[in-house]
Amino acid sequence: MSAETPAAAPGQFTHRRQQFRAWRGTRPFWAGLFVLLGGVPIMYFPYAHLQFGHLTLAMATTAGAGSLIIGVLLIVLGVSLWFQKHVRTFAGVAAILLALVSIPVSNFGGFVLGFLLSLIGGAMAVAWAPGATEQPEPAGEAAPAAGDVPGTAPDKGDTAGFAPLPGQGADPVSTNDLSGTSPANGANGRHSAG
């Protein structure tokens, strides 16, 4: 191999991994995973039979059906966070409420493990926001810097010895109109002293 050898085309595994990464980045993936994983211990522990040697410990309670319903709902909410990202706020709040209800109903929320996973996942779902798409800037149109406008001389400052603020140009009064509330003129509804 030499330095001029072209790089090999990415394989099928690399291509699928990049596709999954792009899909995962457009939705609350980790929130859905935490909510889904939180539903498993809440649903499992009331029906589990642990064995210590010859001793069988059954954790079946009268709230077994409630635990099963809460666990299944959390799993459904986790999957819906993956495939229906527009319901993220509802699913996050519902996961938080179901996690809180699981404390008295399901063996302290699946021995606190399911409670914590569902609570963190629900909070992540509520807090998630889709990323802003990047707008490519046209290649030939760069904004001129202050003083670079053709036909004008750069401003050396006003009579008080201060240079104009960025975006003000030679005449600060005409470019910084404080009468409106438009963010286009840099005022944002604020009034300046002086």
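Could you check segment 98-124 and list, in sequence order, the residues that are without any contact (Cβ under 8 Å) to a residue 60 or more places away in the chain and not in a helix (DSSP H, G or I)?
The one that is without any contact (Cβ under 8 Å) to a residue 60 or more places away in the chain and not in a helix (DSSP H, G or I): 112.
If you go through segment 155-162 one residue at a time, do you hit one that is surrounded by 11 or more Cβ atoms within 10 Å (Cβ to Cβ) and at pLDDT below 75?
Yes, segment 155-162 has at least one match.
Of all residues in segment 20-36, count the ones that are over 12 Å from residue 78 (Cα atoms) and either within 14 Å of the chain's Cα centre (by Cα) or open to solvent by less than 90 Å² (accessible area, probe 1.4 Å) (or both).
Final tally of qualifying residues: 5.
Might you let me know whether segment 116-127 holds any residue that is under 17 Å from the mean Cα position of the chain (by Cα), surrounded by fewer than 14 Cβ atoms within 10 Å (Cβ to Cβ) and not aromatic (Phe, Trp, Tyr)?
Yes.
Please state which of the following conditions residue 141 fails to meet, knowing it meets all the rest: (1) over 17 Å from the mean Cα position of the chain (by Cα); (2) modelled with pLDDT of 90 or more.
Unmet for residue 141, out of (1) over 17 Å from the mean Cα position of the chain (by Cα); (2) modelled with pLDDT of 90 or more: (2).
So residue 87 passes all but one of these: (1) surrounded by 14 or more Cβ atoms within 10 Å (Cβ to Cβ); (2) more than 26 Å from residue 111 (Cα to Cα); (3) modelled with pLDDT under 85. Which condition number does it fail?
Going through the list (1) surrounded by 14 or more Cβ atoms within 10 Å (Cβ to Cβ); (2) more than 26 Å from residue 111 (Cα to Cα); (3) modelled with pLDDT under 85, residue 87 breaks only (3).
Inside segment 63-74, can you point out the residues that are assigned to a helix (DSSP H, G or I), touching a residue at least 40 places away in the same chain (Cβ under 8 Å) and of a type in the set (A, V, I, L, M, F, W, C)?
If the condition is that a residue be assigned to a helix (DSSP H, G or I), touching a residue at least 40 places away in the same chain (Cβ under 8 Å) and of a type in the set (A, V, I, L, M, F, W, C), then 74 is the only one that fits.
The values are calculated or read from the model by the stated rules, or taken from the named source; none is laboratory data. Since the model is a prediction, treat every value here as computed from it, not as a measurement. Quick reminder, even Gly has a Cβ in these numbers, built from the backbone with ideal geometry, and neighbours come from all protein chains shown. The area values use the complete protein model at the heavy-atom level, side chains included, leaving out ligands, DNA and RNA. Shrake-Rupley method; radii C 1.70, N 1.55, O 1.52, S 1.80 Å.
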